[in-house]
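S.K.: Before I ask anything, here is the structure I am working with.
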Amino acid sequence: MTKFVIVSGGVMSGVGKGVASASIAKILQEYGYSVTLIKIDPYINSDAGTLRPTEHGEVWVTCDGGEIDQDLGTYERFINQAIPKKNSITTGQIYSAVIERERRGDYLGATVQFIPHITNEIVDRIYQAAQAYEIVVIEIGGTVGDYENGAYLYAIKNLCAKSPTQNIVHALVTYLPVPPHTGEMKTKPTQQAVRLLNQEGITPDFILCRSEQPIDDIRRQKIESFARIGLDGIIAAPDVTSVYHVPVNFEQEQLGQKILKTLGLAQKKLPNWDSWQNLANRIINTSLPKVKIAIVGKYLASGDFSLTDSYLSVKHALLHAGAHLGVYIDVAWLDAHDFEIGAGKIVGDLEKVLVEKFKNFDGILIPGGFGAQGVDGKLNVITYAREHQVPYLGICYGMQLAVIEYARNLCNLTDAHTTEVAPDTVHPVVDILPIQSDLIKAKGYGGTMRLGDYSAQVKLNSRVLELYQAAGRAEKLSTGEVIVTERHRHRYEINPSYISQIEQAGLVFSGVHVRADNTRLMEFIELPKHPFFVATQAHPEFNSRLESPAPLFIGFVQAACEFATKKLKD
Ligand code: GLN
């Protein structure tokens, strides 16, 4: 029978429930259990696809095309396992399913109510996602005491009702502030969070105490007596430089064994953290050889929100590759607007500005993006990377713009553009294909993109193939073709009518997805006479985990490392 670990949050949001949940799952996996995670988001949106990334962080794409909260990304990076979209549950999905059923007449004249209809729907969805796993970690979004998440805390009690033994463990992630004027760590907000959870009829088995410093004995005892939680259940969760240290920190307090004991489960194997710990240590080891990577995007200010969160997976993919290669990754976020002429941006010589800025970097990465903002700046940066032989990795928009740059400067198509930015361009090198425009007309914007896993046939002798093969991610089909699979999230495609002209000018399209109607969608490009100029229509960052980094990121970081060494010699 499946066992559940429920992770809820007290005091405030943003204290690391996602990382705590992922770490618990990782620990239980290390003890030999098959584990998955579910994220419950109490908002009314059906999914995260139309949420503003500047408010909500990155939109994570699942293998089966779900556009999900970025916590699912954290989970995958920790447990090294794909998590499908059904593992993301939102209030919007729950209510629309129940209302749809009511309209169909499935409830046979009954009054459709919060209890049992909504709560049953929640429980059914949890069981659907839990199938085939021994332990499921469920993270409940929001903070205990929010009106919105009460429904889930209530529904979850039905999970215990179905089991004769204890099959649920509750972990409450709280925050212990140290107000500067007292300099003392305060437990009161945690005590109140426990009370709020008690009001839902739940007593936490574990309190994960997030704080800058580890919680001391006096504060542990205070929580023990006020919240009536055994000392054993109070777990220190101090700030760490890299999130990948969290599971090992939890294990220092035997969290895994304690959870298994509460659930009446034995250890199936002894955990071995050596390799994980080694990789996590490398991420923060500044004495390793250093590579400086510039990520050029459009970072428009939005209050105090750290916009770099919209590219969280890209950053992690770089860190994974760095840990794997034993180099320290130093990332800088550069605003593409700073490399635009006109609008008063660049005064004087563009080339000079670019040289001045980029001479300090060993690699340039342009991540995914939408709209016209910052596009001209990105195009200028791509020209610089191509001409100055600086390693370049382009992701999604970063590939489309690299193709446009090539078409403009090496194929004499000076007006080449994407119709996303210039709908009337004479040379729509990047365009919406007819199948996609029909969809947009029919559905508006939500859910009209090419989403999730697509396979590409990769060219023999290409750089891309070499990298995927080295990582064990290339699959040879009986037809002799070699395919690689990555996740996607985009509407526009490289226009097939320009391919041969661009190819003749030297750019190699090294991977292609062939649709059932024989349309060829370009998936990878590379420049043979460049140390590393590779881009993809896909989002390889969604398939990068600490223990298995994404092949293109390995190639890019390796090339950046070689570039840095060469720079030192010159
Ligand atoms: N805006 C581009 C498109 O829709 C690229 C999207 C992306 O970079 N994810 O095709």
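S.K.: On a 18 Å Cα-Cα criterion, which of the cross-link pairs 17/261; 298/352; 3/261; 290/359 come out too long?
M.R.: 17/261; 298/352
S.K.: Counting other beta carbons within 10 Å of each Cβ, put 417, 388, 117, 181 in order, fewest first.
M.R.: Exposure proxy ranking, most exposed first: 181, 388, 117, 417.
S.K.: Shifting gears a bit: Roughly what percent of Cα-Cα pairs across the chain reach past 43 Å?
M.R.: Details: 40296 of 162165 pairs.
Of the Cα pairs, 25 percent sit more than 43 Å apart.
S.K.: With Cβ to Cβ distances under 9 Å as the rule, what net charge do the other residues near residue 7 carry (K, R +1; D, E -1)?
M.R.: Working: positive: 17; negative: 139.
Overall, the nearby charge balance is 0.
S.K.: Enter the per residue convex hull volume of region 480-528, computed from alpha-carbon coordinates, in Å³ rounded to the nearest integer.
M.R.: For region 480-528, the hull spanned by Cα atoms encloses 117 Å³ per residue.
S.K.: If R₀ is 51 angstrom, what is the calculated FRET efficiency for the pair residue 349 and residue 491, using the beta carbon separation as r and rounding to 0.05?
M.R.: 0.90
S.K.: Toward the positive end of the charge dipole of the chain, about the Cα centre and with charges on Cβ (Lys, Arg +1; Asp, Glu -1), which of 130, 319, 416 goes farthest?
M.R.: Checked the options; the winner is 130.
S.K.: Go through 26/315; 529/569; 378/569; 222/268; 315/567 and tell me which ones have a Cα-Cα distance over 26 Å in this structure.
M.R.: 378/569; 222/268
S.K.: Expected output is a single nm value to one decimal: the length gained when fully extending between residue 257 and residue 182, i.e. 0.36 nm times separation in residues minus the C-alpha distance. What is it?
M.R.: Answer, rounded to one decimal: 23.4 nm.
S.K.: Given an 8 Å cut-off on Cα distances and at least 6 residues of separation, report the relative contact order of region 86-205 as a percent. Don't skip to the end; give the middle numbers.
M.R.: Numbers: 78 pairs, mean separation 24.0, N = 120.
Relative contact order here is 20 percent.
S.K.: What's the extension gain from residue 330 to residue 80 if we count 0.36 nm per residue and subtract their Cα-Cα distance? Intermediate results must be reported in sequence, preceding the final value.
M.R.: On the way: separation 250, 0.36 × 250 = 90.00 nm, distance 2.41 nm.
Between residue 330 and residue 80, full extension yields 87.6 nm more.
S.K.: With angles folded into 0 to 90 degrees, how steeply does helix 434-443 sit against the dominant principal axis of the chain? Use alpha carbons for both and round to 10.
M.R.: Tilt relative to the chain: about 40 degrees.
S.K.: Where does helix 188-199 land angle-wise versus the long Cα axis of the chain, in degrees 0 to 90, nearest 10?
M.R.: So the helix axis and the longest Cα principal axis differ by about 70 degrees.
S.K.: Same structure again: Under a point spin-label approximation (7 Å from Cα along Cα-to-Cβ), what is the residue 341-residue 242 distance to one decimal in nm?
M.R.: If labels sit at residue 341 and residue 242, their model points lie 4.3 nm apart.
S.K.: Separation between the residue 127 and residue 419 pseudo-spin-labels, each 7 Å from Cα along Cα→Cβ, expressed in nm?
M.R.: Those two pseudo-labels are separated by 4.8 nm.
S.K.: Along the Cα→Cβ direction, 7 angstrom out, place labels at residue 146 and residue 373. What is the inter-label distance in nm?
M.R.: Using points 7 Å along Cα→Cβ, the separation is 2.5 nm.
S.K.: As an exercise, find the ratio Rg/Rh for region 173-327 from alpha-carbon atoms, using the Kirkwood inverse-distance average for Rh.
M.R.: Taking Rh as the inverse mean 1/r over Cα pairs, Rg/Rh reads 1.04.
S.K.: Take 268, 352 and order them by how many other Cβ atoms sit within 10 Å, fewest up front.
M.R.: Numbers: 268 13, 352 10.
Sorted ascending by nearby Cβ count, the order is 352, 268.
S.K.: How far, in degrees from 0 to 90, does helix 375-387 lean away from the longest principal axis of the Cα atoms of the chain, to the nearest 10?
M.R.: 60 degrees
S.K.: Neighbouring Cβ atoms within 10 Å as the yardstick, rank 46, 478, 497 fewest first.
M.R.: Fewest-to-most Cβ neighbours within 10 Å comes out as 478, 497, 46.
S.K.: Given 0.36 nm per residue, what is the gain on full extension from residue 570 to residue 269 after removing their alpha carbon distance, in nm?
M.R.: Full extension from residue 570 to residue 269 adds 103.2 nm.
S.K.: Please tell me the relative contact order of the chain in percent, rounded to the nearest whole number, where contacts are Cα pairs under 8 Å and at least six residues apart. All intermediate terms of the calculation are to be shown ahead of the outcome.
M.R.: Working: 1093 pairs, mean separation 84.2, N = 570.
With pairs under 8 Å counted, the relative contact order is 15 percent.
S.K.: Loop-only check: which GluC sites (Glu not before Pro) in region 157-219 are DSSP coil with at most 13 other Cβ within 10 angstrom?
M.R.: 184, 212
S.K.: What's the magnitude of the charge dipole for region 210-287 around its Cα centre, counting Lys and Arg as +1 and Asp and Glu as -1 at the beta-carbon? Answer in Debye, nearest 20.
M.R.: Numbers: 10 positive and 9 negative charges, 62 e Å.
Here region 210-287 has a charge dipole of around 300 debye.
Every number here is computed from the coordinates shown, using simple stated rules; none is lab data. Bear in mind the structure is a predicted one, so any value in this text is a computation, not a measurement. All Cβ positions, even for glycine, are placed from backbone atoms using ideal geometry, and neighbour counts span all protein chains on display.
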